[in-house]
Amino acid sequence: MDYVHILKNKSQLEFGGRSRFTTIANDYDVNRLEDNIITTIPEFSDETNYKENVTAFYGQYAKSFEKFKFQIGIRTETTNIDITTKNNAEKVSRNYTDVFPSSFLDYQFNDNNSIRFSISRRIRRPRRDALVPFSSFSDSRNIFVGNPGVNPSYVILTELAFESKLSNKFTLAPTLFFRRTKQAIDYFIQKEDISINGNMEEVFVTRTVNIGTDKSYGLELDFIYKPINWLNIYNEVTLNGYQQYGSYKSKDFDANGFAFGGRLHLNFKVSNSFRFQFQNRFRGANNRGQLSRKALYRLDFGMSQSLFNNNASLSVNFKDIFDSWEWDIRTRGADFSQDIKSQVRVPQLNISFIYRWNQKRYKGKKGQQYDRL
């Protein structure tokens, strides 16, 4: 729901609201195969019901002058979460209401150069699987346990962005930012003895917890360069310094350092009907809390060909061409260290063919995107 009222002198008022209702029922059990005999592990079998309702209302005022415009707004959000499990008769409920102000200032020097300053308060809710007290058992040595007590993080984000079209071929858009997070969320890992089929076994248990305060500052640098008509280059780089202060169960989470990441797109327009693209993603090494992660990168390829007077299209996508997108993480605890290498997916090739009969391409209608719930 969104309402816009146009006022005089290039100004407007906007009011709106949005609700999201989520209900998930999860009935699961875990079986183990030993000596051709399948047994159910009761400690990892349960029935969980998760309900989450988020309702937001907002209002904002915007006014424009010749080269200057500003916008101020405020949003309220109410979150209600209920979690019930069959093995635990006690229902877990989380209810909280928050207020999020924001302000934006824009100045247009000319048609090719502009600057923007913004400051806003935001929320980062923990994921559903971080809250539900469900233990994963895909790895018998490492399990993930939900923590119903984890709280959302609250972020104050300040940005100063500049955009300049230096020529018809080159556009530069740097953004300086400072981000302060309270009740920062991180992973806590420890070695525990748990019961599996009535027998005590030693495993590594991961939980999502609130560890303290995180400060991040840095530069996001985007540029678009089109040296020739058939080649378009888009680059996005983030240079990020951070300071983290906190602890959990006597584990020190203090850390500071520098991280970087980004992506590079190379778009080739061979003709009006045939295009292809290379995309390189990379993340620098990171070391904070209990985790140390090595750098990683991957190269993707995409191609599209229009056929039959644009009534059909053939697309090819190849993700992670060199099989290099591998997470290499070392975990440190009071009495252990652990090295894990994993891949989200193996290299993947997708080929699709689409044919349209008397179909107009619907571009859709863009609504107000004040903030995502």
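The values are calculated or read from the model by the stated rules, or taken from the named source; none is laboratory data. Worth saying up front: this structure is predicted, and the values here are computed from it rather than measured. Quick reminder, even Gly has a Cβ in these numbers, built from the backbone with ideal geometry, and neighbours come from all protein chains shown. Please note that ligands, DNA and RNA were not included when accessible areas were found on the heavy atoms of the full protein model with its side chains. Shrake-Rupley method; radii C 1.70, N 1.55, O 1.52, S 1.80 Å.
Values as computed for the structure displayed
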| quantity | calculated |
| --- | --- |
| Any hit, segment 359-367, residues being loosely packed, with under 14 Cβ neighbours inside 10 Å, over 30 Å from Val203 (Cα atoms), among the aromatic types (Phe, Trp, Tyr) and at pLDDT below 90 | yes |
| Tally of residues being open to solvent by 70 Å² or more (accessible area, probe 1.4 Å), of a type in the set (A, V, I, L, M, F, W, C) and in contact (Cβ under 8 Å) with a residue 40 or more places away in the chain across segment 1-39 | 1 |
| Count - residues of segment 32-41 that are of a type in the set (S, T, N, Q) and under 16 Å from Asn199 (Cβ atoms) | 2 |
| Long-range neighbours under 7 Å by Cβ, at least six apart or interchain, first residue aromatic (Phe, Trp, Tyr) within segment 82-94, second crowded, with 17+ Cβ neighbours inside 10 Å | none |
| Count of segment 40-78 residues which are in a strand (DSSP E or B), open to solvent by 50 Å² or more (accessible area, probe 1.4 Å) and more than 25 Å from Ser120 (Cβ to Cβ) | 4 |
| Which listed residue is touching a Gly at 6+ places or on another chain (Cβ under 8 Å) and of a type in the set (D, E, K, R), from Arg124, Arg207, Arg179, Arg141 | Arg207 |
| Close pairs from segment 228-253: first among the polar types (S, T, N, Q), partner open to solvent by 30 Å² or more (accessible area, probe 1.4 Å), Cβ under 6 Å, at least 6 apart | Asn232/Lys226; Asn232/Asn267; Asn235/Phe223; Asn235/Leu264; Thr238/Glu220; Gln243/Lys215; Gln243/Asn256; Gln244/Arg288 |
| Residue count, segment 19-39 (criterion: assigned to a strand (DSSP E or B), touching an Asp or Glu at 6+ places or on another chain (Cβ under 9 Å) and not β-branched (Val, Ile, Thr)) | 6 |
| Single unsatisfied condition, Asn147 versus (1) touching a residue at least 24 places away in the same chain (Cβ under 8 Å); (2) outside any strand (DSSP E or B); (3) open to solvent by 50 Å² or more (accessible area, probe 1.4 Å); (4) of a type in the set (S, T, N, Q) | (3) |
| Among (1) within 27 Å of Thr175 (Cα to Cα); (2) open to solvent by 50 Å² or more (accessible area, probe 1.4 Å); (3) within 20 Å of the chain's Cα centre (by Cα), the one test that Gln277 misses | (3) |
| Residue check for Ile189: more than 22 Å from Val155 (Cβ to Cβ) and in a strand (DSSP E or B) | yes |
| Answer from Asp371, Asp323 - the residue that is among the acidic types (Asp, Glu) and at pLDDT 90 or above | Asp323 |
| Single residue of segment 283-308 satisfying the filter (in a strand (DSSP E or B), within 23 Å of Thr331 (Cβ to Cβ) and of a type in the set (A, V, I, L, M, F, W, C)) that is most open to solvent (accessible area, probe 1.4 Å) | Leu291 |
| Some residue of segment 200-218 being open to solvent by less than 70 Å² (accessible area, probe 1.4 Å), more than 30 Å from Asp129 (Cα to Cα) and within 22 Å of the chain's Cα centre (by Cα) | yes |
| Long-range neighbours under 8 Å by Cβ, at least six apart or interchain, first residue in a strand (DSSP E or B) within segment 332-345, second small (Gly, Ala, Ser) | Arg332/Ser292 |
| Count - residues of segment 309-331 that are part of a strand (DSSP E or B) and either farther than 19 Å from Asn267 by Cβ or hydroxyl-bearing (Ser, Thr, Tyr) (or both) | 8 |
| Ser120 being farther than 27 Å from Thr55 by Cα and part of a strand (DSSP E or B) | no |
| Candidates Arg116, Arg125, filtered to the one that is surrounded by 15 or more Cβ atoms within 10 Å (Cβ to Cβ), closer than 30 Å to Ser167 by Cα and among the basic types (Lys, Arg) | Arg116 |
| Residues of segment 293-337 satisfying the condition of being touching a Pro at 6+ places or on another chain (Cβ under 8 Å) and either among the β-branched types (Val, Ile, Thr) or closer than 23 Å to Phe258 by Cα (or both) | Ile321 |
